[in-house]
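Worksheet: one structure, shown below.
The values are calculated or read from the model by the stated rules, or taken from the named source; none is laboratory data. None of these values were measured; they are calculated from a predicted model. Reconstructed Cβ throughout: ideal geometry from the backbone, glycine too, with neighbour counts over all protein chains shown.
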Amino acid sequence: MNIRAILSIAWSDTLHLLRIRSVVFWIIVFPIILVLLSAFIWFNPSPTTTYSVGIVDLDKGNGTQWLLQAFSYAKVDNKSLFKIIEYNNTSQALNSLLEDKVDIVLVVPEGFTSNLTRGFPTRLEAYVSAKNPTKSMIVKSVISGFINEFSKHVIEKKVEVMMHYALSYINATMGLNETVSKYIRLWFKSIVNPVNLTVEEVSPKERRIDRSALLAWAVVGIIAVESLFVGLIRGATVITEERERQTLYRLLASPISGWELLVGKTIGVLVAVGISAIPSVSLGVLLGARILFNPLSIDSWIAVAMIIIATLFFTGLGLIISMFAKSEAGATALANALAFTLMFTSGVWWPPKEWLPEPLKTIAYHNPATLAVDAARNILAYGMSIGELSQYIPLIGLGTIIVYATGAIVYKKLMSKLIE
């Protein structure tokens, strides 16, 4: 192969891309937007939301005051979780709920205090608006969690009273030593908390999985998104673009072979992804991403190789779908449709493959591009070594070779038809 001719095609293709405003948007502006969204929305701690609660007190007892006091104690990061608005009747409160003046309506029924203090079951009535299903789900979770915690404290108080009288009776009738008293107290406490769960995150080799690591994960994913779009679109238009620019036959009439044209175009794709990576990484680091790239580490360069492999996979996929397009516009539309679908269903970007529905999750776990991108993320964001990911290398390599080779065969057949 003529290396000089290949590099000339790659250089010409890159310059041509950078002259197209829409392409400049997709490879430079679009990844910058994704980095900003990741830094300030998706991977930024959400501010505490204060929920307005409309209280309708039909009980007029101390129980309502205890409940209101508990609401006032509910804070996250020193910010109140609830804002209380009192209403005279249920109808008025429900009208406010439907008008979005409150997020929750809580009705305290008559007899609430009496049942609570006498140890009988009692109830509360909560209402949330169904106009916004997502908000409704969140609000129901918040109020349910709060009432469950309030109920737990009520149980603790009841158990304390029971324990006091039980210990007093046992001591008066049979006598108590310290060991028996200790076990009786533990038994009573187990009524409130029969199972205590502690959850700790384990980071291998003391890795820190924090916002900076998650943002680095996002930045690598954004580079992968660019490889997805650029690879698919450039692969799908590799022939139609040159044909519509009326340069294809001139290229074929030159000493440049069809294979050299394909290799040159592929290198042009890799250059475009590299250009796109520069603003993504720069802005990501500026906003706090901790990208663990060490030029002296083989693992870091393998992570770069994983991005290259994913790009080759997507380029091969673009070459395959080029057989269905008769024009550059048609090829671009088809490639965009597939790229946006894969962006949200393959685990390459969002959501992570672990969150996908079962059929898509199975595909993602065997998708060479997804595995290659995950390997790059794990190395550059979480500090893993390639040794920990070595079991995926055969599937990544073999799958990419098959897809790109299939695309090359499709490309060769299309070129042969044009020559005929």
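Quick notes
Yes/no per residue for (1) farther than 23 Å from Ser38 by Cβ; (2) in contact (Cβ under 8 Å) with a residue 40 or more places away in the chain; (3) in contact with a Gly (Cβ under 7 Å, 6 or more places away or on another chain):
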site	(1), (2), (3)
Val219	no, yes, yes
Val230	no, yes, no
Gly235	yes, yes, yes
Glu244	yes, yes, no
Ser280	no, yes, no
Leu292	no, yes, yes
Ile302	yes, yes, no
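- The stretch 292-336, residues that are of a type in the set (Ser, Thr, Tyr) and closer than 19 Å to Gly274 by Cα: Ser300, Thr311, Thr315
- Residue that is in contact (Cβ under 8 Å) with a residue 12 or more places away in the chain and either of a type outside the set (S, T, N, Q) or not assigned by TED's automatic domain parsing to the domain that holds Val154 (or both), where the choices are Ile104, Ile138: Ile104
- Positions within the stretch 13-54 being in a helix (DSSP H, G or I), of a type in the set (Phe, Trp, Tyr) and at pLDDT 90 or above, in sequence order: Phe30
- Screening the stretch 286-298 for residues that are surrounded by fewer than 17 Cβ atoms within 10 Å (Cβ to Cβ) and under 17 Å from Arg377 (Cβ atoms) and picking the one that is nearest to the chain's Cα centre (by Cα) gives Gly288.
- Among the candidates Leu37, Leu106, Leu98, the residue that is within 19 Å of Phe146 (Cβ to Cβ) and either touching a strand residue (DSSP E or B) at 6+ places or on another chain (Cβ under 8 Å) or not aromatic (Phe, Trp, Tyr) (or both) is uniquely Leu106.
- Answer from Ala74, Ala10 - the residue that is over 26 Å from Leu262 (Cβ atoms) and at pLDDT 85 or above: Ala74
- Residue match in the stretch 237-244 (condition: modelled with pLDDT of 90 or more, out of contact with any His (no Cβ under 7 Å at 6 or more places or on another chain), assigned to a helix (DSSP H, G or I) and crowded, with 20+ Cβ neighbours inside 10 Å): no
- Pairs with Cβ under 7 Å, 6+ apart, first in the stretch 14-27 and in the same structural domain as Ser280 (by TED's automatic domain parsing) and more than 16 Å from Val238 (Cα to Cα), second surrounded by 11 or more Cβ atoms within 10 Å (Cβ to Cβ) and small (Gly, Ala, Ser): Ile27/Ala272; Ile27/Ser276
- The single residue among Lys326, Lys353 that is under 23 Å from Leu34 (Cβ atoms) and basic (Lys, Arg) turns out to be Lys353.
- Selection count where residues are surrounded by 10 or more Cβ atoms within 10 Å (Cβ to Cβ), over 26 Å from Leu67 (Cα atoms) and modelled with pLDDT of 80 or more, scope the stretch 184-204: 3
- Within the stretch 367-380, residues that are touching a residue at least 12 places away in the same chain (Cβ under 8 Å) and under 14 Å from Ala277 (Cβ atoms) have Cβ atoms under 8 Å from residues that are assigned to a helix (DSSP H, G or I) and among the aromatic types (Phe, Trp, Tyr) in these pairs: Arg377/Trp217, counting only partners at least 6 apart in sequence or on another chain.
- Condition broken by Ile396, with the remaining ones in (1) surrounded by 20 or more Cβ atoms within 10 Å (Cβ to Cβ); (2) part of a loop (DSSP other than H, G, I, E, B) satisfied: (2)
- Restricting attention to the stretch 55-76, the residues that are assigned to a helix (DSSP H, G or I) and either touching a Phe, Trp or Tyr at 6+ places or on another chain (Cβ under 9 Å) or among the aromatic types (Phe, Trp, Tyr) (or both) total 8.
- If the condition is being in contact with a helix residue (DSSP H, G or I) (Cβ under 7 Å, 6 or more places away or on another chain), under 23 Å from Ser257 (Cα atoms) and not aromatic (Phe, Trp, Tyr), then the stretch 393-413 contributes Val403, Thr406, Gly407, Ala408, Val410, Lys412.
- Considering the stretch 87-183, the qualifying helices (runs of 4 or more DSSP H), each wholly inside and each with 2 or more residues that are more than 25 Å from Asn62 (Cα to Cα) and at pLDDT 85 or above, run over 90-98, 133-173.
- Criterion (closer than 21 Å to Asp13 by Cβ and buried (at least 19 other Cβ atoms within 10 Å of the Cβ)) met by exactly one of Leu317, Leu342: Leu317
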